[in-house]
1. Looking at MET17, MET1, MET72, which one is of a type in the set (A, V, I, L, M), at pLDDT below 95 and assigned to a loop (DSSP other than H, G, I, E, B)?
2. Restricting the search to the stretch 113-135, which residues are in a loop (DSSP other than H, G, I, E, B) and polar (S, T, N, Q)?
3. Based on what the data block shows, is SER53 of a type in the set (Ser, Thr, Tyr), farther than 21 Å from ALA19 by Cβ and modelled with pLDDT of 95 or more?
4. Pairs under 7 Å by beta carbon, first residue under 20 Å from ASP31 (Cβ atoms) in the stretch 97-126, partner buried (at least 20 other Cβ atoms within 10 Å of the Cβ) and among the aromatic types (Phe, Trp, Tyr), six or more apart or different chains?
Amino acid sequence: MVKISKTYIPKDSEKYMCAKHLAYFKKKLLDWKNDLKKSSNEALYNSSMNDNSTSADIVDQASSYTEKNVEMRAINRQIKLISKIDSALTRIQNGTYGFCEDSGEPIGLKRLMARPVATLSIAAQEKHEKEEKVFADD
């Protein structure tokens, strides 16, 4: 893998998804995944330590249940995001990262820098969202 500096930012003047771009996004994805794992582990640990379910006060029990429910939903979102990050890392390995799943066109550096797990170009994403809205309205 190509070495890049810590301050490197992909440029449009470089060949799209060149080795430098791939190294940058791989590092960005791995760092993001590590941060998510760390925060998920901390949340799970803190959740297990703050167990008020044995409290005699029904309001405390309800409050604790609600807090745990919110925490678990956040952890589930993080787990889904980790799965998307793993998929993006697989796409980096197989050479399909940065290209739209629908059209095969480049997704674009700006979009990938904002959302490194993106699988659709902006045009394909908008089309997908419109189709979802049409089905949701039926």
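1. Working: MET17 fails: at pLDDT below 95; MET72 fails: assigned to a loop (DSSP other than H, G, I, E, B).
Unique residue meeting the criteria: MET1.
2. Scanning the stretch 113-135 gives THR119, SER121.
3. So SER53 does not fit the description; no.
4. Every condition considered, the pairs that remain are TYR97/PHE25; LEU112/PHE25; PRO116/PHE25.
The values are calculated or read from the model by the stated rules, or taken from the named source; none is laboratory data. The structure presented is a predicted model; accordingly, all values stated were derived computationally and were not measured. Here the Cβ is made from the backbone with ideal geometry for all residues, glycine too, and neighbour counts use every protein chain on show.
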